[in-house]
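Everything below concerns the one structure shown next.
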């Protein structure tokens with residue numbers, strides 16, 4: 001009896017264990033095909049790469065959540081972005097990359113990765129951006145890339161790829177930019193549906209020439225066939241005497257064909273002119289009827305919203321949905337019909353906005369800047385006097401608002417998060433300055449223009465909007481309001497913005513992260529010899545930066561890292577632009593912390609203007625003057 005009881009108890013224990021194991025298997029991300037599977041894929045990718053700089057050192061199952069791994073960005077519980085640009089990586093790209101089925105952005109640009117491009121990339125049906133340029137990839141271009149229904153940007157340039165260009169790439173409908181230049185591709189050039197296809201630097205990629213022409217001669221007919229009807233063979237003198245009448249008949253026939261073709265062309269042109277005039281009249285009538293709707297334009301990679309859709313999403317621009325207001329416009333929270341939250345930016349100065357065509361051009365440039373630390377554009381809308389941009393909603397608001405928050409008595413942004421925000425913002429600016437074509441100067445970097453996603457990753461907003469709003473204004477300086485302490489000296493004096501203008505503002509962003517201050521103005525009797533930068537420099541020299549750090553941190557920071565961040569901030573805010581580092585140098589200093597003290601020692605004694613001459617002089621302008629790059633813009637009260 002005792003044996004039976006023991007047996008029953010054992011079976012019950014095994015049953016309970018079995019249920020627990022089964023439940024764990026069901027709930028496990030790995031079993032569910034969630035982050036566990038994606039983490040395994042990332043580990044396999046790391047194993048195939050050579051990483052002398054150890055930038056992928058935390059890509060390990062022991063490190064826990066892969067969403068917190070370096071250069072990995074997640075949304076909705078899945079890995080959606082991998083950005084490993086210029087990280088000195090080599091080795092090969094593992095086929096395990098195809099297991100990241102939720103990936104939307106993959107950039108391995110400017111490394112030394114070799115071997116073939118895995119065909120498994122074609123399995124990532126959600127991928128929108130694939131940038132493998134400036135590596136050493138070899139072999140053929142996988143035909144699976146052309147079947148990726150969401151792929152918009154494909155850059156394979158400056159590799160060692162060979163073989164023909166797959167037909168699937170030529171017929172791909174969604175690709176906006178296709179760059180396969182400077183490889184070893186062979187075969188005929190194809191006719192591409194992509195808006196911008198770049199094939200230069202492929203000497204073995206030949207054009208189709210007309211039959212009978214010498215190699216390299218003739219008219220290139222991209223993807224077409226040569227005409228056979230008008231070319232007749234060369235005839236010798238003796239044959240001409242014998243068959244002169246036949247040759248004359250041919251010439252008459254050719255002349256007749258040419259006349260017929262000419263008449264046909266005249267008819268076609270005349271018909272086109274008539275159709276154009278008819279279309280133009282229709283367009284004018286249509287424009288009157290469509291006063292309350294957005295124009296339909298051909299920016300295929302962006303969503304074209306009608307004004308009525310935007311009004312419905314924002315409850316007719318209800319004030320209760322306002323997330324914030326800045327120098328560029330008012331931001332509303334909205335919801336698409338499927339429930340997806342969005343942020344709708346309604347640009348200011350609607351009565352004097354730029355023309356639709358110019359707006360579309362600038363929007364197109366902004367939309368081509370794709371980086372995981374930049375706020376990507378979802379869509380746009382233009383109506384009679386409306387210029388509207390649609391972005392994804394950022395649930396954690398701005399850095400400025402988050403710096404004020406505390407959770408259970410602790411700051412919402414601890415020191416490691418502030419460091420990560422600084423690094424993320426610097427990478428976004430580096431992309432705008434040195435990796436984006438054309439380059440974009442932000443002109444308004446500050447904590448209220450840095451958004452935070454669900455993982456508190458830094459997302460730069462409003463880049464490129466200064467040009468949109470300021471377009472047509474002859475004097476940018478006259479539109480600036482605020483205090484000199486927030487404006488780069490050269491911008492204040494001449495109105496000329498450059499990459500170093502952004503570097504200066506980034507230095508002030510670092511000061512905001514260190515101090516947690518709402519503004520950079522000093523309190524009464526806090527420091528009498530200058531502004532906040534002079535105070536930071538003095539405290540640094542006296543080794544008293546603890547009084548400069550945000551009191552909410554309660555000394556929970558690395559003192560060496562604090563000193564380095566203040567040194568980087570002071571380097572970025574040097575008076576002369578030539579003394580400031582480039583963003584690539586800033587990123588390297590934030591990533592590695594190597595040589596920061598030496599760089600500061602080399603320039604700290606450079607003579608600069610008397611801070612008393614620059615300290616917080618107010619700029620007074622008439623109230624009716626427009627301010628589109630307003631430095632003291634109202635900060636957002638919530639996320640956008």
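Read-outs: derived from the displayed coordinates by stated rules, not from any lab. No experiment lies behind these values; they were computed from the predicted model shown. Glycine gets a Cβ as well: all are built from the backbone with ideal geometry, and neighbour counts include every protein chain shown.
For region 303-392, max minus min Cα coordinate along each principal axis, in Å, sorted largest first?
Cα extents, longest axis first: 34, 30, 24 Å.
How long is the gain from residue 136 to residue 528 if the chain were fully straight, where each residue apart is worth 0.36 nm and the alpha carbon distance is subtracted?
Result: 135.4 nm gained on full extension.
Can you work out the FRET efficiency for the pair residue 306 and residue 168, with r the C-beta to C-beta distance and R0 = 30 Å, to the nearest 0.05?
Calculated transfer efficiency: 0.35.
Label residue 547 and residue 603 with points 7 Å out from Cα along Cα→Cβ: what is the distance between them in nm?
Result for the modelled spin labels: 2.7 nm.
Using R₀ = 41 Å, calculate the FRET efficiency as 1/(1 + (r/R₀)^6) where r is the Cβ-Cβ separation of residue 51 and residue 405; round to 0.05.
0.70
For residue 338 and residue 257, calculate 0.36 nm times their separation in residues minus their Cα-Cα distance, and state this gained length in nm to one decimal.
Here the answer is 23.2 nm.
Given R₀ = 35 Å, what would the calculated FRET efficiency be for residue 561 paired with residue 40, taking r from the Cβ atoms and rounding to 0.05?
The calculated FRET efficiency here is 0.60.
Normalise the Debye intensity by I(0) for region 36-205, one equal point scatterer per Cα, no solvent, then take log10 at q = 0.16 Å⁻¹ and round to two decimals.
After summing over all Cα pairs, the log10 values are -0.89.
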